[in-house]
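Q: Below is a structure I'd like to ask you about.
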Amino acid sequence: MVAAKVFVHLVCLAPIAWLAWRVWQVLGGTNVDALGAEPVVAIEHELGIGALRLLLITLAITPLRQLGGWTVLLRFRRMLGLYAFVYASLHFGVWLALDLVGDLSQVATEIARRPYITVGFLAWLLLVPLAITSTKGWMRRLGRNWSRLHKAIYAIAALAVLHFWWIVKSDWREPALYAAILAFLLGWRVWKALGRRRATAAAGRVASPGP
């Protein structure tokens, strides 16, 4: 299990390492085109996509466990969720540092003026309490409320997809793909919940037969 966790850490960190290497190439002048014509946009895009993909992978763990019985996947769900927060925070931090050049006075104006920034910021803001309460200690303290709080990941993923969709100006195929994946993952949960409800109702009718 230790080896599996190390592998997951390496997979999650690999995109950041590859991005950092290309930033180093640009700054060092060895390959000024390593990030394309718009380096800031490229950095923001890759970090944002990383966060979105990790959110979707985190949401995919439950259907995969139910389909294949791979309960071991549950051991990685918290780790993947935290990495999604790391990527989202880096995405937000790069926007603050490079797009706004650290001008914090412009943050509220930009968030209020641009809908795609509004939903992106809201998604990140909702991720903060989930990251803070991801420990076993918080799970014990919150009890059943922990599960209720962490259901916010559904709204977060939807906001993240919408954020990406609004950013894309021409080729909508990639955001459409992520939207379709999210729709399947959420639809699966709705279908399973309806199935449990029907099974509970049927069991109730069997336990309480009519006269």
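Q: Out of all the residues in region 112-123, which are of a type in the set (A, V, I, L, M) and surrounded by 16 or more Cβ atoms within 10 Å (Cβ to Cβ)?
A: Residues satisfying the conditions are ILE117, VAL119, LEU122, ALA123.
Q: On to the next question. Quick one: which of GLY36, GLY81 is touching a helix residue (DSSP H, G or I) at 6+ places or on another chain (Cβ under 8 Å) and either modelled with pLDDT of 95 or more or crowded, with 17+ Cβ neighbours inside 10 Å (or both)?
A: GLY81
Q: Another question about this same structure. Could you tell me which residue of region 130-141 is surrounded by the most Cβ atoms within 10 Å (Cβ to Cβ), considering only residues that are modelled with pLDDT under 95 and within 26 Å of ALA160 (Cα to Cα)?
A: Checking each candidate, the answer is SER134.
Q: Given the condition under 23 Å from PHE164 (Cα atoms), acidic (Asp, Glu), surrounded by 14 or more Cβ atoms within 10 Å (Cβ to Cβ) and free of Cβ contacts under 8 Å to residues at least 40 places away in the same chain, answer yes or no: does some residue in region 89-108 qualify?
A: no
Q: Contact list please: Cβ distance under 7 Å, first residue in region 39-67 and touching a residue at least 12 places away in the same chain (Cβ under 8 Å) and under 13 Å from TYR154 (Cα atoms), second residue of a type in the set (D, E, K, R) and in a helix (DSSP H, G or I), pairs at least six apart or on different chains.
A: Note: pairs meeting the criteria are THR58/ARG77.
Q: Could you identify the single residue in LEU127, LEU159, LEU177 that is under 16 Å from LEU54 (Cβ atoms) and exposed (fewer than 13 other Cβ atoms within 10 Å of the Cβ)? Break it down stepwise before answering.
A: Details: LEU127 fails: exposed (fewer than 13 other Cβ atoms within 10 Å of the Cβ); LEU159 fails: exposed (fewer than 13 other Cβ atoms within 10 Å of the Cβ).
Answer to the selection: LEU177.
Q: Residue check: is ILE57 of a type in the set (Val, Ile, Thr), within 18 Å of VAL168 (Cα to Cα) and surrounded by 16 or more Cβ atoms within 10 Å (Cβ to Cβ)? Outline the logic, then answer.
A: Working: of a type in the set (Val, Ile, Thr): yes; within 18 Å of VAL168 (Cα to Cα): no; surrounded by 16 or more Cβ atoms within 10 Å (Cβ to Cβ): yes.
Against the criterion (of a type in the set (Val, Ile, Thr), within 18 Å of VAL168 (Cα to Cα) and surrounded by 16 or more Cβ atoms within 10 Å (Cβ to Cβ)), ILE57 does not qualify.
The values are calculated or read from the model by the stated rules, or taken from the named source; none is laboratory data. Note that the structure is predicted; figures quoted are calculated from it, not measured. Neighbour counts run over all protein chains shown; Cβ positions are idealised from the backbone, glycine included.
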